Number of protein chains: 2
Amino acid sequence: MFPFAAPVRDLRFVLEELLEHRSLDLPGFEEATPDLVEAVLEEAAKLAGEVWAPLNASGDRQGCMRREDGGVTLPNGFAEAYQAYVEGGWNGIGVSEALGGQGLPEVVASSVQEMLHGANMALGLCPMLTAGAIEALAHHGSDALKETYLPKLVEGSWTGTMNLTEPQAGSDLSKVRTRAVPQEDGSYRLFGQKIFITWGEHDASENIIHLVLARKPDAPEGNKGISLFLVPKYLVNADGSLGERNDVTCASIEHKLGIHGSPTCTLSFGENDGAIGYLVGEEGRGLNHMFTMMNEARHKVGIQGIGVAERACQHAFAYALDRTQGRSPRSGRDDCTISDHLDVRRMLLSMRARTDALRALALYCAAQLDVARHGAAGEREVAQARADVLIPVVKAFSTDQAVDIASLGVQVHGGMGFIEETGAAQLLRDARIAPIYEGTNGIQALDLAGRKLQRDGGAALAGLIEEVEATASELSENGEHAAMGESLAAGAADLEAAMQLVLEAGRDPEQGADAIQAYATPFLSLAGHVLCAWQMGRAALRASAAQASGNSEPFYQAKQAAADFALRHWLPVGRANRSVIEAGMKSLADYRVTPS
Amino acid sequence: MFPFAAPVRDLRFVLEELLEHRSLDLPGFEEATPDLVEAVLEEAAKLAGEVWAPLNASGDRQGCMRREDGGVTLPNGFAEAYQAYVEGGWNGIGVSEALGGQGLPEVVASSVQEMLHGANMALGLCPMLTAGAIEALAHHGSDALKETYLPKLVEGSWTGTMNLTEPQAGSDLSKVRTRAVPQEDGSYRLFGQKIFITWGEHDASENIIHLVLARKPDAPEGNKGISLFLVPKYLVNADGSLGERNDVTCASIEHKLGIHGSPTCTLSFGENDGAIGYLVGEEGRGLNHMFTMMNEARHKVGIQGIGVAERACQHAFAYALDRTQGRSPRSGRDDCTISDHLDVRRMLLSMRARTDALRALALYCAAQLDVARHGAAGEREVAQARADVLIPVVKAFSTDQAVDIASLGVQVHGGMGFIEETGAAQLLRDARIAPIYEGTNGIQALDLAGRKLQRDGGAALAGLIEEVEATASELSENGEHAAMGESLAAGAADLEAAMQLVLEAGRDPEQGADAIQAYATPFLSLAGHVLCAWQMGRAALRASAAQASGNSEPFYQAKQAAADFALRHWLPVGRANRSVIEAGMKSLADYRVTPS
């Protein structure tokens, strides 16, 4: 088992050189100096590497267990590791100071999240869900609810959950059936069952605050009848102390492929006289309220994928540098490490280049979110529009790639990769959930191709494509990078052409909805490849600048290799998606799905 | 959990319509009539579906356990299911009649193997290893060894293993250290440890025959010092009855990602006075003897991947036809099954089209093996050369794709895919070993690009490319298939161009070895895509012919959709590998691998 070292150097490269720390110049981030950010990253790296990472394998082996009393026993050490996180003040770093957080930029919070997910994805889910609850409450909760619940959630001493899914309502939440019956005191009593509730029950925090989609008895069918409710595990007294146990229980936990350290619960609401809950936001607007925060939750899932991909890189690199096997054609030594074989090196560089690229794009997206919230009036809309387009890409593309990177990590280990104790297999098992939850990657693709692209006629993405083209030109003007520039320019042209096809589909009232469905996933993949390659093109230019200024750190040479790989070995595969879209939807539309 | 129905209709389509049952016309297969083959497939389907498949999930959950007495307890029912296979006479179907088998063509044996692996991959490994032992003994064993061991192995009442890997000797077997000390009676005593021995210890058969790579004490270093030995678990008396337990024990079994029902053992030879063994073939030619049979074992691993991919299709199709969610744009119904959403259908058709394509190519390869053994003198060499080129493609491409297909199967299930009881996750876990064992897929790519391609200057592959071009022309001449033909012709051109680059690398004495390493994997992927697409192009033509003759079976319409998908939605992604190869090896060669 290899240790995990949080990728501080790589994160700093993105924050300082690719993003030029622009978030720090925004109003409201005056206290976030580069020195402070550096210190934050170093401290987070310690927590990730020393406290969270050592529990990753043991948490996987031990898993979670539902006790007879309905409680859930976490893997050994998880509660303490979570407490260390709370005590370090990490839960509030990205939360605004007005809500009791540290109000650091999203780029910094995302960097810290990446480290923690790389260290221990199962544990990282707990605060990820809490962050969603904070977001929902902060935007939509009444003052009374905010006053009672937010401080503890921001601190992390209470954790949050998202209760959306029911057996018949997954991707289609309009089918939610959980009932919320109004009481005379203005509260509600909830009855129903929710499944797949991440960190739905545990003892690592004093209280758990469930945010639950449900309908009032007289609510209309469909989306418009759904409201959002807050249901605490323990009721909270007027003085803020904890009162009685609410009528919500963990009926079972799931036996899953991965993230064994994260309890995935079936929660029963109202098995006795009803779970007491409070309306959050407007009646009938539950789905909208959820979606407010889902955008950012999706960004975080992308970040999570990158964390696991980073760890997979570290395992694979360490193994490949240690394992001797075969003869090196160059040195002629017959005890070379497998990292010397170019076929293995191809796997390593493919893993590294893609992880770097995904990270750069996800943090670029985070920087857009910073500007959207803190930028000047004119900048905000553009930044938000870019973030809106980028978020489904970051979520889906990062997580799909993370699965592939983790799988390649298994391959680098050869036979040892298939043995659980090596740890490579766990990363694949853990990563496999990320393309599914928080909206499947198919849903992300539809969000991009259907909703985000159509509503502004592609304006936001067109703006990004212009930036890609500018980078391509800059690369092309530089002899050393000319081939990269050519490849990137071709990618930009493909993305532009594919975008027009998707927009055209959107204008077709008859078959448009089907065509968008057919094109969505290849389109998202194309966008992901081009935008990630763009970031690596920028990385190559920055690396050249550093090298030209006399910096001979091997880091920059490695970045050049990663950029070359991303633009010339990886991007061409992504570009093929244009042809896929051009092939149209006929074979899909005509296909009669019948049992095999 | 969905049942498994062996894909008899699809197998028959390949055997009867794509391969036109040509193997049956070869000398030696006179008794193998189309009717007999059909009956064999139907009977095998029963064994697979009714006896082996129901144990797949329970075998995964229960796994294997090493007992204190050094024995291994198999999952419940595995020994009985194996006995049913032996009693049905299945073990010898592909073995020549001279050796006591049924002597059916390889295309038929491969079809049966696919069904059994789809039903229960972990159990399917047992006879797969036995087949390797039979092959090695039949080709290289002395008459005495053959007489004593072959009948029982062919019958299946004894099983075989392959003992190659040692902790320091995996892909590089020249590092094998196990010692074989000659005894006065002509036998040997073996001392050493072998790891990752599939079905290395169990009670499902009366005896286990280990084939072991080892060196005599005075043997030279490297490959040339390695010989092959037969080491039975129980010594065999002169009258054929079982004698004493030999000095080989199971030291431990591995805790693996998948194939839990297959005991993967560490075997200790000679912990007491040495494990008695017998030389197989020539001294110092152990690796060559192993490689004789490895070619075919690799084909079988490819077949195994296809079996698992088929099962993943069946699970995903059944789930997608059952799960209602969302609104169909076409019918407007808001309780449509998810198979109605084109994004889901894209996943389903992608799984199905690729599985069909892989199967067709693997059986085409099997047909070449039939001709290589039974064809007329002039045909044999060409067929063998084609099989030699195809085998690494079938092994590596089928298994890489199988992992991806199984992963897509998980995705189709949404959240349920991540829950172990659904069964989709097991298929991904099981499939993940296939790109690793029997020579990693990187080794396969090197075998193709380095060895197979270079030794005949690409002649065999060029012959295949000509056939691809002919099919492309035939498609292009047919209005309905013109777009497919165009795509296939472009693929053939890419493969031809890439082959020239690989051959050029082979002529470069300085950097050629590195360049071949750098190009090998993308080259194999390109070849796999083009050759599989070729088979689907042929399938489209056959389906059209059937439809033109008035056959309105929905099967043929589905085949057309699968062919269109394979040629126009899948092949473009594979074609991108040409650009990857054209990008050269510089970024790989320059890359300094350092710890992350």
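Every read-out reported here was derived from the displayed coordinates using simple, explicitly stated rules and does not represent laboratory data. Worth saying up front: this structure is predicted, and the values here are computed from it rather than measured. Ideal geometry is used to build each Cβ from the backbone, glycine not excepted, and the neighbour counts take in all protein chains shown.
Could you state the number of Å between the C-alpha centres of region B:324-373 and region A:511-577?
Each part's Cα centre sits 30 Å from the other's.
Put a label point 7 Å from Cα along the Cβ direction on B:GLY186, then list its distances to the equivalent points in the other copies in nm, shortest first.
9.9
Separation of region B:22-64 and region B:103-135 by C-alpha centroid, Å?
If you average the Cα positions of each part, the centres end up 9 Å apart.
Report, in degrees rounded to the nearest 10, the 0 to 90 angle that the Cα long axis of helix B:286-322 makes with the longest principal axis of chain B.
Approximately 40 degrees, to the nearest ten.
Any idea what Rg and Dmax come out to for region A:113-229 if you just take the C-alpha atoms, in Å?
Gyration radius and largest Cα-Cα distance of region A:113-229: 15.1, 47 Å.
Kindly give the distances from B:LEU99 to its copy-mates, label point to label point, with each label point 7 Å from Cα along Cα→Cβ, as nm values to one decimal ordered shortest first.
6.9
What number in nm² do you get for region B:333-419 if you take the convex hull of its Cα atoms and divide its surface by four?
Convex hull of Cα atoms, orientation-averaged projection: 7.6 nm².
Which one, A:TRP570, A:MET290, A:ILE226, is farthest towards the positive end of the dipole of chain A when Lys and Arg carry +1 and Asp and Glu -1 on their Cβ?
Farthest along the dipole direction, towards plus: A:TRP570.
Find how many whole Å separate the alpha carbon centroid of region A:157-193 from the alpha carbon centroid of region B:404-464.
43
Where nothing but the Cβ of Lys and Arg (+1) and of Asp and Glu (-1) is charged, how large is the charge dipole of the protein assembly as shown around its Cα centre, in debye to the nearest 20? Mind showing how you got there, number by number?
Working: 102 positive and 156 negative charges, 28 e Å.
Charge dipole of the protein assembly as shown: 140 debye, to the nearest 20.
Under 19 Å Cα-Cα from A:LYS146, which lysines qualify once same-chain neighbours fewer than 8 residues away are excluded?
A:LYS233
Just the ratio, please: alpha-carbon radius of gyration of chain A over 2.2 N^0.38 Å, N its number of residues.
0.97
How far is B:ASP335 from the same spot in each other copy, in nm, shortest first, if each label point sits 7 Å from Cα toward Cβ?
Label-point separations across copies, in nm and ascending: 7.1.
By how many degrees, between 0 and 90 and to the nearest 10, does the Cα long axis of helix A:512-548 differ from the longest principal axis of chain A?
60
Axis carrying B onto A: which residue of B has the nearest Cβ, and how far, whole Å?
Of all Cβ atoms in B, the one closest to the rotation axis yields B:ALA576, 2.
What whole-number value in cubic angstrom gives the convex hull volume per residue for the C-alpha atoms of region B:523-596?
Per-residue hull volume (Cα only) is 100 Å³.
Please list the radius of gyration and Dmax for region A:440-591, considering alpha-carbon atoms only, with Å as the unit.
17.3, 60
Could you name the aspartates and glutamates whose alpha carbon sits less than 17 Å from that of A:LYS216, not counting residues in the same chain fewer than 8 places away?
A:GLU166, A:GLU184, A:ASP185, A:ASP273, A:GLU282, A:GLU283
Calculate the dipole size of chain B relative to its Cα centre from +1 charges on Lys and Arg beta carbons and -1 charges on Asp and Glu beta carbons; express the result in debye to the nearest 20.
Once rounded to the nearest 20, the dipole reads 1500 debye.
Under the rule a/c < 1.5 gives rounded, and otherwise a/b versus b/c splits prolate from oblate, where does region B:52-98 land using the Cα gyration tensor?
Oblate is the answer for region B:52-98, as a/c is 1.5 or above yet b/c matches or exceeds a/b.
Of A:LYS395/B:LYS256; A:LYS224/A:LYS452; B:LYS395/B:LYS452; A:LYS175/A:LYS256, which pairs sit farther than 18 Å apart, going by alpha carbon to alpha carbon? Please report the intermediate quantities before stating the final value.
Values: A:LYS395/B:LYS256 30 Å; A:LYS224/A:LYS452 21 Å; B:LYS395/B:LYS452 14 Å; A:LYS175/A:LYS256 25 Å.
Check vs 18 Å cut-off fails for A:LYS395/B:LYS256; A:LYS224/A:LYS452; A:LYS175/A:LYS256.
Compare the Cα positions of A:THR471, A:ALA424, A:ALA482 along the charge dipole of region A:370-521 (+1 at Cβ of Lys, Arg; -1 at Cβ of Asp, Glu; about the Cα centre) and return the one farthest towards the positive end.
A:ALA424
Over region A:1-158, what per residue volume does the convex hull of the Cα atoms give, in whole Å³?
Hull volume over Cα atoms, normalised by residue count, gives 115 Å³.
If I take R0 = 25 Å and measure r between the Cβ atoms of A:VAL181 and A:LEU242 in this structure, what FRET efficiency does the formula 1/(1 + (r/R0)^6) give, to the nearest 0.05? Numbers along the way, then the final one.
Working: r = 24 Å, r/R0 = 0.96.
With a Förster radius of 25 Å, E is 0.55.
Within 13 Å, Cβ to Cβ, of B:MET121, how many net charges do the neighbouring residues add up to if Lys/Arg are +1 and Asp/Glu are -1? Present the calculation step by step, with values, prior to reporting the outcome.
Numbers: positive: B:LYS256, B:LYS300, B:ARG311, B:ARG429, B:ARG432; negative: B:ASP60, B:GLU114, B:GLU310, B:ASP430.
After counting each charged neighbour, the total is +1.
Among the lysines, which have Cα under 22 Å from the Cα of A:LYS46 when same-chain residues fewer than 8 positions away are ignored?
A:LYS46 reaches A:LYS300.
Placing +1 at every Lys and Arg Cβ and -1 at every Asp and Glu Cβ, with all other atoms neutral, what dipole size does region A:256-387 have around its Cα centre, in debye to the nearest 20? It would help to have the intermediate numbers written out before the result.
Working: 17 positive and 15 negative charges, 144 e Å.
Computed charge dipole of region A:256-387: roughly 700 debye.
How many percent of all Cα-Cα pairs in region A:107-175 sit more than 17 Å apart? Please list the in-between numbers first.
Working: 1293 of 2346 pairs.
Beyond 17 Å sits 55 percent of the P(r) for region A:107-175.
For chain B, what is the relative contact order in percent, using Cα pairs closer than 8 Å and at least 6 residues apart in sequence?
12
Give the residue list of GluC sites (Glu not before Pro) in region A:1-65 that are DSSP loop and have at most 11 other beta-carbon atoms within 10 angstrom.
On the way: sites: A:GLU16, A:GLU17, A:GLU20, A:GLU30, A:GLU31, A:GLU38, A:GLU42, A:GLU43, A:GLU50; in loops: A:GLU20, A:GLU30, A:GLU31.
Passing sites in region A:1-65 are A:GLU30, A:GLU31.
Convex hull over the Cα atoms of region A:351-505, averaged projected area in nm²?
Answer in nm², one decimal: 11.4.
What number, in nm² with one decimal, is the all-direction average of the projected area of the convex hull of the alpha-carbon atoms of the protein assembly as shown?
45.1
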